[in-house]
Amino acid sequence: MGKFIKVSRDNLFEKVRQSLSGYEVSGDSQNRLMTGIYHLVSYMEKEHLSDYTPDVGISYLSTINVDKGIAYRHYQRDKRAIVMLDSIISGDADSFFRKQRVPVKRIFRGEFAKHIKSYIENVLPSRGLAKSTEDAYHMYLSRFCEEMYSKNLSPSTITRSDLNAYISRVTTARRYFEALPVKYFLKYLHEEGLVDGSMSTCLDGIQNRRYVPLVSYFEEEEILRMENSITRAGSLGKRNYAMFLLSARLGLRCADVVNLKLSNIDWDRNEISLVQQKTQKPIVLPLTAEVGEALVDYLTHGRPNSKSSFVFLSETKRDRPITGHTFSKLVSDSMMNAGIDIRERHHSAHSLRHSLATHLMKKKVKMPIIKEILGHTTTEPTYAYLAVDHDALLLCSMDVPKVRGIIYSQKGGMI
């Protein structure tokens, strides 16, 4: 580790942002790290410290330890920000970040190898998966290929029993994720005429057991009450209202709202186009009249005079974009101010996105359209929202068959 250098308090944000730009750091992670730096700068201002050194970081962390009442996860977040900052000013940021994703060599041997390589090269890229998801496919298909190689199996000799034996060794919690790439690969083999139809559907019954709470959304009347609870007279209210509408009316994720840039808004075409922070996939959404008017009101009468390219800026640090934590807090505050009962319900910014999907389903909007609005790559994650649509679930139900009266009157069990 190199020698530490002093960094002016006023230059900390710029120093960190420049360092973050050279590494693969997600939008949410950046927001968390910058929140930690923001708290550090506030501490330095309070203590009249003009320069940062590692000793300042130690002193800061000692003032926010768990015993002083701060939530442990927030302490961990700020501690990580300090570790990052110390790595940056010592010239050893690579010890904290990985500059580039280190490629992992996957082994493909046996009769399945050439078919898996063909699938990865020619079919997988067309599915529009995130880079991390593609890497997971490579890993799981490599495991599958190695298992088939060890048993000397090929597409012409593999049986359903072999597949069941392979997938049964995986823990229940991970079974879906390991079976999914193999399932799509088997369908590819069926299309190529290498396995029969029964093999291609062998793993269809393995479902993701992801839990979606039945009460983690808000009714339209509740959403309107939240919107009306935001006072729009001042600049802060104008900003908060515009951000709230982007999430509640357009379904943008928290990270996409706080990282929205002026260049993402096409006023001539009434569109918002951006690359989603989570999936790195582009999305284009219509700029509705109400959302557009809220944005114009904030940009014209509420936004600080700044050269920043970000739309939504901090009220105190006017060249700095708002953080995801601040946005989630304003959503929670709007719920409290509107008198909404949030017991047993999620009340972060994501709940607005979840609620929008539920409202669209109740209005009988087709699932592929909801998928496009939410920016999902496939309809699979969109189906998770079906759990909150009771009407849709009822359509899937079957009548209970009639039972002979003797079943209820028997005394000795089955007859």
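Could you tell me what fraction of 2.2 N^0.38 Å the Cα radius of gyration of segment 104-254 comes to, as a two-decimal ratio? Walk me through the intermediate numbers first.
Working: Rg = 22.9 Å, N = 151, 2.2 N^0.38 = 14.8 Å.
For segment 104-254, the normalised Cα radius of gyration is 1.55.
Sorted from largest to smallest, which semi-axis lengths in Å does the alpha carbon gyration tensor of segment 272-342 give for its equivalent ellipsoid, taking the root of 5 times each eigenvalue? Spell out each step's value before the answer.
Details: eigenvalues 93, 71, 48 Å².
The answer is 22, 19, 16 Å, longest axis first.
Run the simple label-point estimate for GLU271 and ARG80 please: 7 Å along Cα→C-beta, distance reported in nm.
3.5
List, in order, the whole-Hz ³J(HN,Hα) value for each residue of segment 310-321 obtained from phi through the Karplus relation with A = 6.51, B = -1.76, C = 1.60 and θ = phi - 60°; use x for Gly and Pro.
7, 6, 9, 10, 5, 6, 9, 9, 6, 9, 10, x
Can you give me the distance in nm between label points at GLU134 and TYR23, each placed 7 Å from the Cα along the Cα-to-Cβ direction?
2.4
Taking amide H positions as placed 1.01 Å from N in the peptide plane, with prolines and chain starts having none, which residues 5 or more places from VAL7, or on another chain, fall under 5 Å of its amide H?
Residues meeting the criterion, in which the H sits 1.01 Å from N, are TYR52.
Work out, step by step, the length gained on full extension between ARG127 and THR231: first 0.36 nm times the residue separation, then minus their alpha carbon distance; give nm to one decimal.
Working: separation 104, 0.36 × 104 = 37.44 nm, distance 4.41 nm.
Additional length available on full extension: 33.0 nm.
Between GLU372 and GLU220, how many nm apart are label points set 7 Å from Cα along the C-beta direction?
2.1
Enumerate by residue number the trypsin sites (Lys or Arg not before Pro) in segment 259-335 meeting two conditions: DSSP loop (anything except H, G, I, E, B), and at most 13 other Cβ atoms within 10 Å of the site's Cβ.
On the way: sites: LYS261, ARG269, LYS278, LYS307, LYS317, ARG318, LYS329; in loops: ARG269, LYS278, LYS307, LYS317, ARG318.
Within segment 259-335, the qualifying trypsin sites (Lys or Arg not before Pro) (loop, at most 13 other Cβ atoms within 10 Å) are ARG269, LYS307, ARG318.
Laboratory data are not the source of any read-out in this text; all were calculated from the coordinates shown. Owing to the predicted nature of the structure, the values given are computational and were not obtained by experimental measurement. Methodologically, a virtual Cβ is constructed for each residue, glycine included, from the backbone with ideal geometry; neighbour enumeration extends over all protein chains shown.
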